[in-house]
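Take a look at the structure below.
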Amino acid sequence: MRISELAERTGVSIPTLKYYLREGLLHAGEAQGATRATYDASHVDRVRLVRTLVDVGRLSIDRVREVVRSLDEPPASRHELLGAAHEALRPHVAAADPTPEALDRVRALGPPGCEHSPAGHQLAQALTAAGAAGWSIDDATLATWQRAMLSVAETDVAPSLASAPPEEALRYAIVGTVLTDPVLLALRRVAQESVSARRLGPGPPASRGPATSPAH
């Protein structure tokens, strides 16, 4: 297909597609002359991926370029592949270095060396930022959250990833995380509403304490 057809199929304008080509986000088409090239289904998939990362994931162009590079040269180990996905999706806003205490807390939660992984380092930074803002997260709360997230991870890290081609597994890890992180955050809000309604909402008098007999 020509670039005009690629634009029509993806809903992305021709100037934007040319920008993706210049920035290395989209691989070159097959040259058909000095100024013409043709594109195929792989270009459609790549454009849709880029739009997902930019529009949903809110990734910068530089970060999207890192994702594309990881897709083109994925690590062989599926565990290292997940680390590459986490590295590509790390927050682009600079954060303060984590404190030794935060790193120790992360170290106590996960497998050996987890405090040095992209995700572990991000968690340590988040704990550091919360503490600096005066919001204390005790160990019991952190452990409860971790148990809940381990249940989520059992679904996220699908057994089928072990036999999938590296580029497909990496795409699953990156795109799946980008698209489902907002769902998990919204589910937390919905769960808070549910618990709040049960614990704090209006209810029958018996639920708010013992009733008192009218005076005679």
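Residue count for the range 83-116 satisfying the condition of being open to solvent by 70 Å² or more (accessible area, probe 1.4 Å) and in a helix (DSSP H, G or I): 7.
Considering Leu17, Leu25, which residue is under 23 Å from Leu89 (Cβ atoms) and either polar (S, T, N, Q) or in contact (Cβ under 8 Å) with a residue 12 or more places away in the chain (or both)? Please lay out each step first, then the result.
Details: Leu17 fails: under 23 Å from Leu89 (Cβ atoms).
Step by step, each of Leu17, Leu25 is checked, and only Leu25 is under 23 Å from Leu89 (Cβ atoms) and either polar (S, T, N, Q) or in contact (Cβ under 8 Å) with a residue 12 or more places away in the chain (or both).
Can you confirm whether Ser196 is at pLDDT 95 or above, in a helix (DSSP H, G or I) and either touching a Cys at 6+ places or on another chain (Cβ under 7 Å) or not β-branched (Val, Ile, Thr) (or both)? Yes; evaluated as a whole, the condition is true for this residue.
Among the residues that make up the range 62-72, is at least one of them farther than 16 Å from Leu170 by Cβ and in contact with an Asp or Glu (Cβ under 7 Å, 6 or more places away or on another chain)?
Within the range 62-72, none of the residues are farther than 16 Å from Leu170 by Cβ and in contact with an Asp or Glu (Cβ under 7 Å, 6 or more places away or on another chain).
Set side by side, the residues Asp45, Asp55, Asp62 differ, and just one is open to solvent by 90 Å² or more (accessible area, probe 1.4 Å) and either farther than 30 Å from Ala130 by Cβ or under 22 Å from the mean Cα position of the chain (by Cα) (or both), which is Asp62.
For Ser163, are the conditions met, namely being of a type in the set (Gly, Ala, Ser) and open to solvent by 60 Å² or more (accessible area, probe 1.4 Å)? Taking the combined requirement at face value, the residue satisfies it. Of all residues in the range 69-82, those that are of a type in the set (A, V, I, L, M) and either at pLDDT 85 or above or open to solvent by 70 Å² or more (accessible area, probe 1.4 Å) (or both) total 1. Before we move on, is Thr141 open to solvent by 40 Å² or more (accessible area, probe 1.4 Å) and of a type in the set (Val, Ile, Thr)? When the stated conditions are applied, Thr141 passes them.
I need the full set of residues from the range 17-37 which are farther than 21 Å from Ser70 by Cβ and open to solvent by 40 Å² or more (accessible area, probe 1.4 Å), in order please. Matches in the range 17-37: Lys18, Glu30, Ala31, Gln32, Gly33, Ala34, Thr35, Arg36.
Residues that are open to solvent by 90 Å² or more (accessible area, probe 1.4 Å) and touching a helix residue (DSSP H, G or I) at 6+ places or on another chain (Cβ under 9 Å) do not occur anywhere in the range 173-195.
The values are calculated or read from the model by the stated rules, or taken from the named source; none is laboratory data. Just so we're clear, the structure is a prediction, and the values are computed from it rather than from any experiment. Every residue, glycine as well, gets a Cβ built from its backbone with ideal geometry; the counts of neighbours run over all protein chains shown. Remember, those area values only see protein heavy atoms, side chains included, never the ligands or the DNA or RNA. Shrake-Rupley method; radii C 1.70, N 1.55, O 1.52, S 1.80 Å.
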